[in-house]
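What follows is calculated from the coordinates using simple rules that are stated; it is not laboratory data. None of these values were measured; they are calculated from a predicted model. Quick reminder, even Gly has a Cβ in these numbers, built from the backbone with ideal geometry, and neighbours come from all protein chains shown.
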Amino acid sequence: MNSDSDLQIAGDILEVPHLLQPPREHPSTVAEFAGLARAVAADRAQWEPLVRYDATSRWYHRLRTGPGYEVWLLSWVPGQGTGPHGHGPSSGVLTVLDGVLTERSARGVGALGAGTQRVFAAGYAHEVVNDALVPAVSLHVYWPGLTDMPAVREVGAGACAPAAPLGAF
């Protein structure tokens, strides 16, 4: 019978660098893009000084780009929203940094509070609105970078029919 003191590991895993995977410079999987969004969200000192609130339209700022992806920071004053839209060929991660946003999609209507992440594939359609009485801030990672945000007629209870292009954000 072995006791804990009898157990030994042959060598130190850190002494075998060829077995360790080097960290990727840029994300390439859904999990890595979600992790990138969480890392940027956690670094409040990086994004908070950049936030601006605009009563006439949603404010947005591109924080970073990499090979095939973009990271955007958006602010939403009460009442601002996207209208029903898709994301063309882009997949994405939406992370709420401050406040609460309401998302309407074929899955229903839900409140997305600070810290909530929504990961979506190309073809996903939704509408996002700040229905609250206080401003909200969100982070969006798109891969490939967002080149198309087609408007759709509706997002609930069924297929989303394309409408006229909505433009960027």
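Post the alpha-carbon centroid distance, segment 41-75 to segment 94-129, in whole angstrom.
The two parts, judged by their Cα centres, are 17 Å apart.
Once you put a point 7 Å from the Cα of residue 109 and another 7 Å from the Cα of residue 29, both along the Cβ direction, what distance in nm separates them?
3.7
May I have the convex hull volume per residue, in Å³, for the Cα set of segment 22-80?
Details: hull volume 6.3 nm³, N = 59.
Convex hull volume per residue, Cα atoms: 106 Å³.
Pop the C-beta distance of residue 52 and residue 119 into the FRET formula with R0 = 30 Å and round what comes out to the nearest 0.05.
Plugging the Cβ-Cβ distance into 1/(1 + (r/R0)^6) gives 0.65.
Under the rule of at least 5 residues apart or a separate chain, name every residue whose amide H is placed under 5 Å from the amide H of residue 124.
Counting only residues 5 or more places away or on other chains, the set is 87.
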